[in-house]
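This report refers to the structure that appears directly beneath it.
The values are calculated or read from the model by the stated rules, or taken from the named source; none is laboratory data. Only a predicted model underlies this, so the values are computations on that prediction, with no experimental measurement involved. Heads up, the Cβs are rebuilt from the backbone with ideal geometry, glycines too, and the neighbour counts pull from every protein chain shown.
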């Protein structure tokens, strides 16, 4: 599967405990726009709202292609809520975890196989110390790789 869109802020702001793959209910112009690279997670501001036994992707903007609204009767909504397709067991599991303190569900990336899918993660927020620790580990790993490549 090919990654089309990635939410880098999600991995910085949250520690991801579990990830799932969900289908997206999209219109035709939205699929074309995503494949053309005209979608974003609004700087990490996109989130998943659980309500009424359903999951909804909020605050993800898909900018329509210039020719997308020709001949349409209704105007296009770039920032509308999009329904996620999950199994009922996955929905109940996520709803229970979100009800606990500190847990949330965040979009991680949009991937393309035969259809567009959204990888979502059950996440817990990081505090400043955790964020600094993650940055420190990443820098140390980068430095180790640099040293190892010098001797190869």
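Observations
- Filtered by the rule that a residue be in contact with a strand residue (DSSP E or B) (Cβ under 9 Å, 6 or more places away or on another chain), closer than 16 Å to residue 16 by Cα and part of a loop (DSSP other than H, G, I, E, B), the range 113-139 gives a lone residue, 126.
- Residue match in the range 136-144 (condition: closer than 29 Å to residue 37 by Cβ and within 21 Å of the chain's Cα centre (by Cα)): no
- Within the range 49-67, if we keep just the residues that are over 25 Å from residue 18 (Cα atoms) and over 17 Å from the mean Cα position of the chain (by Cα), the residue that is modelled with the lowest pLDDT turns out to be 67.
- Residue within the range 68-79 that is within 15 Å of the chain's Cα centre (by Cα) and outside any strand (DSSP E or B) present: yes
- All of 124, 119 fail the test of being surrounded by 15 or more Cβ atoms within 10 Å (Cβ to Cβ), within 19 Å of the chain's Cα centre (by Cα) and modelled with pLDDT of 95 or more, apart from 119.
- Members of the range 94-112 that are modelled with pLDDT of 90 or more and either more than 19 Å from residue 6 (Cα to Cα) or exposed (fewer than 10 other Cβ atoms within 10 Å of the Cβ) (or both): 94, 95, 96, 97, 98, 99, 103
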